[in-house]
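The values are calculated or read from the model by the stated rules, or taken from the named source; none is laboratory data. Everything numeric here is computed off the predicted structure, so don't read it as measured data. Please note: Cβ atoms are built from the backbone with ideal geometry, for glycine as well, and neighbour counts cover all protein chains shown. SASA here: full protein model, heavy atoms, side chains in, ligands and nucleic acids out. Shrake-Rupley method; radii C 1.70, N 1.55, O 1.52, S 1.80 Å.
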Amino acid sequence: QVQLVESGGGLVQAGGSLRLSCAASGRTFRNSGMGWFRQAPGEEREFVAAISWSGGSTGYADSVKGRFTFSRENVKNTVYLQMNSLKPEDTAVYYCAATTVLVPVSNTAFDDWGQGTQVTVSS
């Protein structure tokens, strides 16, 4: 198992930026593919981005492509989601997730989840 703790959420105006962090502990982090998901009120949880174990491969939902950047620092057991040009429709609880799949994609099954961090974008 991997324990995950997200941070960095908050309130920001449209057009602004936030950087989410997710600190991992437990199962060897560097052997884990990682993902970010989000869930808005009344909506189903949706895929945002994924990154391979090495950080060499990333994938994004069309809705965030070109605005969000997913990165990882294996020496710090941490992944980051840099979110730029934020829109009100980005408002959601953002969840970090881990998988044993080394190169995850949008429909990969993720095993471990964080508790989430709230991102609110005002118009």
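Points to keep in mind about this one:
- Residue count for region 95-123, restricted to those that are within 21 Å of residue 57 (Cβ to Cβ) and part of a loop (DSSP other than H, G, I, E, B): 12
- Flag if residue 4 is modelled with pLDDT of 95 or more and closer than 23 Å to residue 123 by Cβ: no
- Taking the criterion of being over 15 Å from residue 75 (Cβ atoms) and under 14 Å from the mean Cα position of the chain (by Cα), the only residue of region 23-33 that qualifies is 33.
- Residues that are under 17 Å from residue 104 (Cβ atoms) and crowded, with 22+ Cβ neighbours inside 10 Å do not occur anywhere in region 5-21.
- When restricted to residues that are under 18 Å from residue 41 (Cα atoms) and assigned to a loop (DSSP other than H, G, I, E, B), region 82-91 contains 3.
- Just one residue in the set 32, 52, 57, 85 is more than 24 Å from residue 2 (Cα to Cα) and of a type in the set (S, T, N, Q); that residue is 85.
- Among the residues making up region 64-84, a single one is open to solvent by less than 60 Å² (accessible area, probe 1.4 Å), out of contact with any Cys (no Cβ under 8 Å at 6 or more places or on another chain) and hydroxyl-bearing (Ser, Thr, Tyr): 71.
- Condition met for residue 122 (within 16 Å of residue 9 (Cβ to Cβ), exposed (fewer than 14 other Cβ atoms within 10 Å of the Cβ) and of a type in the set (S, T, N, Q)): yes
A quick yes/no check of all residues on (1) modelled with pLDDT of 95 or more; (2) closer than 16 Å to residue 120 by Cβ; (3) in a loop (DSSP other than H, G, I, E, B):
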| residue | (1), (2), (3) |
| --- | --- |
| 16 | yes, yes, yes |
| 20 | yes, yes, no |
| 30 | no, no, no |
| 44 | yes, no, yes |
| 75 | no, no, no |
| 80 | yes, no, no |
| 93 | yes, yes, no |
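- Test result for residue 2, under 13 Å from residue 78 (Cβ atoms), open to solvent by less than 70 Å² (accessible area, probe 1.4 Å) and of a type in the set (Val, Ile, Thr): yes
- Taking region 53-63 as the range and being outside any strand (DSSP E or B) and either at negative phi or open to solvent by 70 Å² or more (accessible area, probe 1.4 Å) (or both) as the test, the residues that pass are 53, 54, 56, 57, 61, 62, 63.
- Condition met for residue 50 (in contact with a Pro (Cβ under 7 Å, 6 or more places away or on another chain) and surrounded by 14 or more Cβ atoms within 10 Å (Cβ to Cβ)): yes
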